[in-house]
Amino acid sequence: MAICMLLVGGGMSSCGAASSATEQLPRKEIGIQLYSVRDLIGVFGRNQQDYNDVLKKLAEMGYTSIEAASYSDGKLYGQTPAQFRKDVEAAGLEVLSSHCTTNLSDEELASGDFSRALAWWDACIAAHKEAGMKYIVAPSMRNIDNLKDLQTYCRYFNEVGARCNAAGLKFGYHNHSGEFRKIDDQVVYDYMIENTDADKVFFEMDVYWAVMGQASPVDYFNKYPGRFRLLHIKDRREIGQSGMVGYDAIFNNADKAGVENIIVEIEASSYNDMLRSVGECVDYLRRAPFVKESYKH
């Protein structure tokens, strides 16, 4: 698969390592959120192009791990956890993390009784452990408009994190831009970090959505060192495309943040070919001198 283009944000030409005959890009540990290729593999099961073929192409580009986004009824992409792990590893990728959650109902928020939700989590955690996951990440939460309910959610996430820990997994929360709004003069994201236990809940910072929320990722790394085990590396389209996200500063402060893995996610493409987009992103990161080969401790 030929991938050769100009990286707008970085001003560098890029050709994918798997396709370049003249340049060998360094191997780096870079994950990909499979939501990026949802139109090719489907969110819940096979769709259009066989997902084994897509996984293989991602590995050939230089991605080394995946983050799933499809858990439902004990399955991942329509496969049993064991089969999903087999498929991912057969493609030469590592099963790393998964986005999934169940939101609290009005009744659960009012009562503080999470028993229904926690039963769902028990089954979810067991499935992800079987799939070989290291991390489970809640991709969002329901709309919250008062600190009482936000505090309830923090207690809920602590409970989920404790159950993940008991199973040998780590639990985190992924932001969008809305977490940087205020409730009663409290920034939601700050409140969540300060009211969850560091040994139970980490934060997967989506650096693009933080910037869209008018927040500085590096300021958060300095304010809450060690809380950000995963990073979503994202831009408006391909990484570096908008020129709005300071990737060099983010990566130069990744150790302070506590980063263990970086994960590419693309929500929109400049082309009619999402594989071209994800190829450009991994090339950008492999070539960038400020991105280390690995962030694992």
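The values are calculated or read from the model by the stated rules, or taken from the named source; none is laboratory data. Just so it is clear, the model here is predicted, and its values are computed rather than measured. Glycine gets a Cβ as well: all are built from the backbone with ideal geometry, and neighbour counts include every protein chain shown. The area values use the complete protein model at the heavy-atom level, side chains included, leaving out ligands, DNA and RNA. Shrake-Rupley method; radii C 1.70, N 1.55, O 1.52, S 1.80 Å.
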Which parts of region 229-256 would a label at Asn222 reach, counting a residue when its backbone N lies under 19 Å from a point 7 Å out along Cα-to-Cβ?
245-256
Carbon/sulfur fraction of accessible area - region 99-190, other protein chains in place, 1.4 Å, %:
48 percent
In cubic angstrom, how much convex hull volume per residue do the alpha carbon atoms of region 28-100 span?
71 Å³
Would you work out what percent of the accessible area of region 212-276, with all protein chains in place, is carbon or sulfur (probe 1.4 Å)?
39 percent
Classify the chain from the C-alpha gyration tensor, please: rounded if a/c falls under 1.5, else prolate or oblate depending on whether a/b exceeds b/c.
oblate
The answer for the net charge of residues other than Lys134 whose Cβ lies under 11 angstrom from its Cβ, with Lys and Arg +1 and Asp and Glu -1, is +1
About its Cα centre, what dipole magnitude does region 169-297 give when the only charges are +1 on Lys and Arg Cβ and -1 on Asp and Glu Cβ, stated in debye to the nearest 20?
240 debye
Running Debye on region 158-297 with equal point scatterers at the Cα sites and no solvent, what base-10 log of I(q)/I(0) appears at q = 0.08 Å⁻¹?
-0.22
0 to 90° range, to nearest 10: angle between helix 115-130 axis and the chain longest Cα axis
30 degrees
Please give the direction-averaged projected area of the C-alpha convex hull for region 221-297, in square nanometres with one decimal.
5.1 nm²
How much space per residue, in cubic angstrom, does the convex hull of the C-alpha atoms of region 63-180 take up?
103 Å³
Cα-based helix-to-principal-axis angle, 81-90 vs the chain, degrees rounded to 10
20 degrees
About its Cα centre, how strong a charge dipole does the chain have in debye, to the nearest 20, once Lys and Arg get +1 and Asp and Glu get -1 at the Cβ?
560 debye
Restraint check, Lys56/Lys256; Lys129/Lys223; Lys182/Lys292; Lys200/Lys256, Cα-Cα greater than 28 Å
Lys56/Lys256; Lys129/Lys223; Lys182/Lys292
Residue-normalised accessible area of region 120-222, expressed per residue, 1.4 Å probe, Å²:
39 Å²
